[in-house]
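One structure below.
The values are calculated or read from the model by the stated rules, or taken from the named source; none is laboratory data. None of the values given here were measured: they were computed from a predicted structure. Neighbour counts run over all protein chains shown; Cβ positions are idealised from the backbone, glycine included.
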């Protein structure tokens, strides 16, 4: 039996649910097809959902959503072979809406999908979409392992594994240098221990990004986020750099857990879950054409992720909203052709998120071809500070001279200047 | 903590059929066998003369599909596969 909807959304993650929510709320008939047992049980997030884009779709959602901790404390931890340096920022004022929350996807996505259902969308779980169907070049439905569904519009939110998009010729299969593999553990700790260890108030949370020696030769980051009664600890690295070093993700994870900057924070914690997921890291150049006759591509499938800020889920929401709004206009005109749907890509291009990604173009490639950057600077900074804080009878000017030679031993001055120039141009 | 212990914590709904297929001929010629290293769940193992796939341990990240051109990886059928309790 074939059922007909105005729109079918493939995948109940933040991108797909947002698109479905926007369309259903405005009287389109929408079905979301999710392959998992329930929305969220296939999904992984590093840790933080930034509030802004979802608050635009659903004002004050953070007052009722199942969230973990409000992130008030951001740190960078630079790991050296003989010590580490922690830079922490803690905001004094409580902003409204808050900037970001840690979330656990099994809870959050389930809640969010319920919101789309309340808005009128139909949710079908345990169903795998195997193919996009088309007629005379226009996508007009999907094939699932439980039958076909036809629709005027298909919104593909299949996540980082883009088999459907590849099969339909919308995207090409990503290369190993365009994707990162991230592994993560959920480590249970009582709430009062978390508050003490990270110096947090009741619902406050901390986020730490780790850069440095533990990931030698890899282009990647470690991360630690606090949930209510657990920590999310993990790291992600560009797959091609993992391949080059022939490193096993779980071995690196174990080494990371033994780092002196990590171990005291997770001590006595019980591992509750081990997870792995890919993150698109192709940047702006990797964003494909996200529309065709009868179809829009959103979220991770659209390669929307920002390695610098750690944004992903909020960009999924942003793209889902834009796709939903363009779908409403297409529905109003009863015209789902490329010329109408192309507005989606224009909206994204002009968004803060994609403009940032555009500016950062080439940054990861630069770091990849200068992979020693990832350890040389943390190493130099740690050596400098260790020299600076040590009282050993030498004068401060002698120390400055020593520090200068430490830095130039780690990376030549001309390279340092070039690194600063590239980083400055791509980030500022 | 050993990987086996971590994998033991995970909940899977096991499909009777593997969602991962490999080209055994290509694997026999392959000297690289990157699959043995990149997979975070150690799904692949090599026992002379072939590569074995413990598909029931797969966490569906898809890394092997990106790292190796001979892996034919599709989603497990609806409702099957990894089922995270936290995510």
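So the values come out like this:
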| quantity | calculated |
| --- | --- |
| Meets criteria (outside the structural domain of residue A:370 (by TED's automatic domain parsing) and buried (at least 24 other Cβ atoms within 10 Å of the Cβ)) for residue A:215 | yes |
| From A:43, A:26, residue being within 12 Å of another protein chain (Cβ to nearest Cβ) and in contact with a helix residue (DSSP H, G or I) (Cβ under 9 Å, 6 or more places away or on another chain) | A:43 |
| Residues of segment B:3-32 classified as more than 9 Å from chain A (Cβ to nearest Cβ), closer than 22 Å to residue A:253 by Cβ and exposed (fewer than 14 other Cβ atoms within 10 Å of the Cβ), total | 2 |
| Residue in segment A:118-131 that is surrounded by fewer than 16 Cβ atoms within 10 Å (Cβ to Cβ), at pLDDT 95 or above and closer than 26 Å to residue A:61 by Cβ present | yes |
| Lone qualifier among A:210, A:225 - being crowded, with 24+ Cβ neighbours inside 10 Å, closer than 18 Å to residue A:88 by Cα and within 13 Å of chain B (Cβ to nearest Cβ) | A:225 |
| Failed item in (1) assigned by TED's automatic domain parsing to the domain that holds residue A:328; (2) over 15 Å from the mean Cα position of the chain (by Cα), with residue A:308 passing the rest | (2) |
| Meets criteria (in contact with a strand residue (DSSP E or B) (Cβ under 6 Å, 6 or more places away or on another chain), surrounded by fewer than 20 Cβ atoms within 10 Å (Cβ to Cβ) and under 23 Å from residue A:244 (Cα atoms)) for residue B:72 | yes |
| Subset of segment A:99-116 (residues that are surrounded by fewer than 17 Cβ atoms within 10 Å (Cβ to Cβ) and in contact with a strand residue (DSSP E or B) (Cβ under 7 Å, 6 or more places away or on another chain)) | A:99 |
| Test: residue in segment A:141-163 that is assigned to a loop (DSSP other than H, G, I, E, B), at the interface with chain B (Cβ under 8 Å from one of its Cβ atoms) and buried (at least 17 other Cβ atoms within 10 Å of the Cβ) | yes |
| Pick from segment A:304-325, criterion modelled with pLDDT of 95 or more and touching a strand residue (DSSP E or B) at 6+ places or on another chain (Cβ under 6 Å), ranking: surrounded by the most Cβ atoms within 10 Å (Cβ to Cβ) | A:323 |
| All positions within segment A:195-208 that are in contact (Cβ under 8 Å) with a residue 60 or more places away in the chain and assigned to a helix (DSSP H, G or I) | A:197, A:198 |
| Qualifying positions in segment A:166-176 - more than 9 Å from every other protein chain (Cβ to nearest Cβ) and in contact with a helix residue (DSSP H, G or I) (Cβ under 6 Å, 6 or more places away or on another chain) | A:171 |
| Candidates A:8, A:87 - the one that is within 23 Å of residue A:141 (Cβ to Cβ), away from every other protein chain (no Cβ under 14 Å), touching a strand residue (DSSP E or B) at 6+ places or on another chain (Cβ under 9 Å) and not in a loop (DSSP other than H, G, I, E, B) | A:8 |
| Selection from segment B:64-87 of residues that are more than 7 Å from chain A (Cβ to nearest Cβ) and touching a helix residue (DSSP H, G or I) at 6+ places or on another chain (Cβ under 7 Å) | B:64, B:68, B:70, B:71, B:73 |
| Residue in segment A:19-63 that is surrounded by the fewest Cβ atoms within 10 Å (Cβ to Cβ), counting only those that are without any contact (Cβ under 8 Å) to a residue 60 or more places away in the chain and not in a loop (DSSP other than H, G, I, E, B) | A:63 |
| Residue in segment A:177-192 that is modelled with pLDDT of 95 or more, more than 14 Å from chain B (Cβ to nearest Cβ) and touching a strand residue (DSSP E or B) at 6+ places or on another chain (Cβ under 9 Å) present | no |
| Scope segment A:113-131; condition within 14 Å of chain B (Cβ to nearest Cβ) and either in a strand (DSSP E or B) or out of contact with any helix residue (DSSP H, G or I) (no Cβ under 7 Å at 6 or more places or on another chain) (or both); matching residues | A:123, A:124, A:125, A:126, A:127, A:128, A:129, A:130, A:131 |
| Filter pass, residue A:375 being over 19 Å from the mean Cα position of the chain (by Cα), closer than 23 Å to residue A:224 by Cβ and more than 14 Å from every other protein chain (Cβ to nearest Cβ) | yes |
| Meets criteria (more than 27 Å from residue A:222 (Cβ to Cβ) and within 37 Å of the chain's Cα centre (by Cα)) for residue A:408 | yes |
| Considering residues of segment B:27-55 that are more than 8 Å from the chain's Cα centre (by Cα) and in a helix (DSSP H, G or I) only, the residue farthest from residue B:4 (Cα to Cα) | B:29 |
| Answer from A:347, A:328 - the residue that is under 19 Å from residue A:9 (Cβ atoms) and either in contact (Cβ under 8 Å) with a residue 60 or more places away in the chain or crowded, with 20+ Cβ neighbours inside 10 Å (or both) | A:328 |
| Only listed residue being buried (at least 18 other Cβ atoms within 10 Å of the Cβ), facing chain A (nearest Cβ under 9 Å), touching a helix residue (DSSP H, G or I) at 6+ places or on another chain (Cβ under 7 Å) and modelled with pLDDT of 95 or more, chosen from B:39, B:61 | B:39 |
